[in-house]
Amino acid sequence: MGLAEVSGILWKERELLELLLFKLEEEQLVLASGRTRWLAHATREVEFVMEQIRSTELLRAVEVDAAAGELGLEPGPSLGAIAAAAPDPWGELFRGHRDAFLTLTAEIQDLADANRDLLTAGSRALRETLLGLDQPLDTYTARGKNTAASAGGSRAHFVDEAL
C-alpha cells in the first residue's frame, strides 16, 4: 500500500470520468436528435460507468486511508491534503490528478444539467401533446364530410383571395 497504488487508482478513476463524459455526450446527442429509440441504451451505459466509478471510489478510499497513515495524515484526507503532504514527485502528480478531477467533474456536471434540461423539455412537450388529445378530434364521415361541420360545428376555411 502506498502512493503508487493511490496514483494508479486515480488514473483509473480519471479514465472512468472521461468515459462518463463521453457517455453523457452520447446521451445528449440521442436526446437532441429526437431519436428516443436509443435513449434507454445510452442511459444504461451511463449507469454502468457510474457503477464502475462507485466501485473504484471504494477502492480509492481504502488505499487513500492507508497512504494517509504513511504520510502522517488523518484517515479520509482530501486529494489536496495528500498532494501537500506527499514528497516530490508525488505531490506534483497528485496536484495534477486533483486539477483533472476538478475539470472533469465540472464538465460532467454541465453535460448532466444540459441533458436534464433536454429531458425536461421533451417531457413537457409530450405532456402538452397528450393533454391536447383530450379534445375531440375532427374526423371525416364515410362521405368525406368533416364530423364537426356535419354536426353543425363551425370549421375554419382557407380562402385564396387571389382568385
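The values are calculated or read from the model by the stated rules, or taken from the named source; none is laboratory data. Note that the structure is a prediction, hence the values are computed from the model and not measured. Heads up, the Cβs are rebuilt from the backbone with ideal geometry, glycines too, and the neighbour counts pull from every protein chain shown.
What to note about this one:
- Once region 69-127 is narrowed to residues that are basic (Lys, Arg) and out of contact with any helix residue (DSSP H, G or I) (no Cβ under 6 Å at 6 or more places or on another chain), the residue that is modelled with the lowest pLDDT is 127.
- Scanning region 81-101 for residues that are more than 13 Å from residue 10 (Cα to Cα) and either outside any loop (DSSP other than H, G, I, E, B) or of a type in the set (Lys, Arg) (or both) turns up 81, 84, 85, 91, 92.
- Residue-level analysis places residue 17 among those that are in contact with a Leu (Cβ under 6 Å, 6 or more places away or on another chain) and at pLDDT 95 or above.
- Matching residues, region 46-90, being aromatic (Phe, Trp, Tyr) and either buried (at least 16 other Cβ atoms within 10 Å of the Cβ) or over 30 Å from the mean Cα position of the chain (by Cα) (or both): 90
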